[in-house]
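Notes follow once the structure below has been shown.
The values are calculated or read from the model by the stated rules, or taken from the named source; none is laboratory data. Here the structure is a predicted model, which means the values were calculated and not measured. Reconstructed Cβ throughout: ideal geometry from the backbone, glycine too, with neighbour counts over all protein chains shown. For accessibility, only protein heavy atoms count, side chains too; no ligands or nucleic acids. Shrake-Rupley method; radii C 1.70, N 1.55, O 1.52, S 1.80 Å.
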Amino acid sequence: MKSVKVFAPATVANVTCGFDVLGFAVHEPGDEVIMQLTDAKGLCIKDIKGDDGVLPRDVDKNTVTVAIKAYLDHLQVDVGVDIYLEKKMPLGSGLGSSAASAVAGVYGINELLDRPLEVSELLPFAMQGELLACGEPHADNVAPALLGGFVLIRSYNPLDVVKIHTPKNLFATIVHPQIEIATKDARSILKRNLLLKDAIRQWGNIGGLITGLFTEDYQLISRSMEDVIVEPVRSMLIPGFDQVKASALAAGALGCGISGSGPSIFSLSSSVETAHQVAEAMEACFRELDILSDVFVSPVNQQGPLVIS
Ligand code: HSE
């Protein structure tokens with residue numbers, strides 16, 4: 001029977017000032033999903049590797065199958081699909097783990113059915129996976145995982161997603177301390193009301209960041225990478241956040257912040273050499289705190305999902 005194996009990448013959501021509206025994809029880590037059409041009807045999760053048995057095998061509770069099911073319901077297609085999920089990234093890491101799985105799922109099923117939908121049309125189905133994972137269908141991980149590159153969610157209702165130019169010399173450093181934070185929990189602690197002065201600073205920064213990306217103005221990107229709304233609250237969940245951020249900036253990063261809902265911390269740099277120096281500095285900082293971490297350095301991934309076989 002026809003089968004496909006798809007890789008979908010990790011993503012950095014929020015990118016400091018763009019809570020729920022800005023994200024970009026990286027080359028690694030990411031998740032792999034193998035899907036095979038079968039004669040039987042319905043979805044079946046045959047195997048999940050790399051999750052220590054934590055993820056639900058029930059198709060109504062797993063982000064991959066919920067996203068695939070939303071896609072099949074929309075097309076009113078009743079096919080049988082066996083699914084094998086290989087988690088190659090940590091759960092609760094702030095790297096868009098649930099998004100990578102959901103995107104690999106919807107991209108893969110669309111391939112198996114000979115692409116009845118455009119890639120951009122798959123986004124609402126992948127968002128259903130996020131709704132299941134954290135209670136909100138936020139798109140700032142699934143959109144860049146699906147479309148590649150830097151992505152802005154200009155509006156959720158109606159959904160309006162805009163690809164943002166990526167400057168030539170932009171490299172991400174991501175350090176994942178080996179602790180777990182559930183996105184649901186990291187969302188529940190956020191303040192519901194904002195001060196107007198903070199909102200003004202935040203939307204000035206996001207305008208500056210987008211402009212800096214389009215004009216390849218690295219100093220403007222640097223000045224704009226500031227989050228006065230979410231980071232002050234969430235950084236309390238990440239041991240050593242202030243020291244790690246200070247070490248990244250001292251090593252030459254343009255800016256630094258929490259990746260998605262954390263605990264991963266990301267930086268952007270304007271050369272690959274600096275991105276590696278920043279990685280060393282951030283990792284060393286966590287080591288001093290006796291916290292082991294995984295480190296990734298990557299340009300922005302323009303491709304998004306990839307059919308491996
Ligand atoms: N925008 C989401 C949040 C991303 O910060 O809660 C989660 O990865």
Legend entry - In degrees, nearest ten, helix 196-215 long axis to first principal axis of the chain (Cα): 80
Inset, instruction - In vacuum, with every alpha carbon of segment 171-299 counted as one equal point scatterer, what does the Debye formula give for log10 I(q)/I(0) at q = 0.09, 0.13, 0.21 Å⁻¹? Two decimals, please. - result: -0.26, -0.54, -1.24
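Got a number for carbon plus sulfur as a percent of segment 171-299's accessible area, 1.4 Å probe? Before the final figure, lay out the partial values.
On the way: 3350 of 6070 Å².
Result for segment 171-299: 55 percent of the exposed heavy-atom area is carbon or sulfur.
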Legend entry - Residue of LEU289, LEU213, LEU37 that the Gaussian network model of the chain assigns the largest fluctuation, springs spanning Cα pairs under 10 Å: LEU289
Inset, instruction - Please list 296-302, 199-205, 52-58 highest first by mean number of surrounding beta-carbon atoms within 10 Å per residue. - result: 296-302, 199-205, 52-58
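Starting from segment 170-232, pick out the GluC sites (Glu not before Pro) whose DSSP state is loop and whose Cβ has at most 14 other Cβ atoms within 10 Å.
Loop-located and lightly packed - GLU180.
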Legend entry - Listed residues VAL278, VAL244, VAL233, most fluctuating in the chain (Gaussian network, C-alpha, under 10 Å): VAL233
Inset, instruction - State the extension gain, in nm to one decimal, for the chain segment bounded by ASP58 and ASN157, taking 0.36 nm per residue of separation less the distance between their alpha-carbons. - result: 32.6 nm
Inset, instruction - State the Kirkwood hydrodynamic radius of the chain in Å, one decimal place, computed from all pairs of distinct Cα atoms. - result: 19.3
Inset, instruction - Pick out, from LEU147, GLN128, GLY108, the residue whose Cα sits farthest towards the positive end of the charge dipole of segment 108-179, with +1 on the Cβ of Lys and Arg and -1 on the Cβ of Asp and Glu. - result: LEU147
Legend entry - Distance in nm between pseudo-label sites at ILE308 and LEU292 (7 Å out along the Cβ direction from Cα): 2.3
Inset, instruction - Along Cα→Cβ, 7 Å out, is where each label goes; now give me the distance between the ones at LEU190 and LEU237 in nm to one decimal. - result: 1.1
Inset, instruction - Compute the accessible area per residue over the chain, keeping the other protein chains in place, probe 1.4 Å, unit Å². - result: 42
Inset, instruction - Specify the residue with the greatest mean-square fluctuation among THR211, THR65, THR183, computed from a Gaussian network of the chain linking alpha-carbon atoms under 10 Å apart. - result: THR211
Inset, instruction - Could you run the Karplus curve 6.51 cos²θ - 1.76 cosθ + 1.60 with θ = phi - 60° over segment 146-158 and give me ³J(HN,Hα) per residue in whole Hz, x for Gly and Pro? - result: 7, 9, x, x, 8, 9, 10, 8, 5, 8, 8, 9, x
Inset, instruction - Please determine, in degrees from 0 to 90 and to the nearest 10, the orientation of helix 97-112 with respect to the longest principal axis defined by the Cα atoms of the chain, where the helix direction is its Cα long axis. - result: 40
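For the chain, what is the percent of antiparallel DSSP beta bridges, rounded to the nearest 5? Could you put the intermediate results ahead of the total?
Numbers: 44 of 51 bridges.
The antiparallel fraction comes to roughly 85 percent.
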Inset, instruction - Taking each pair of different alpha-carbon atoms in segment 1-73 once, compute 1/r for the pair, average those values, and report the inverse of that mean as the Kirkwood hydrodynamic radius in Å to one decimal. - result: 14.6
Inset, instruction - Kindly write out, for segment 265-271 in residue order, the coupling ³J(HN,Hα) from the Karplus curve 6.51 cos²θ - 1.76 cosθ + 1.60 (θ = phi - 60°), rounded to whole Hz, with x marking Gly and Pro. - result: 10, 10, 9, 10, 9, 9, 8
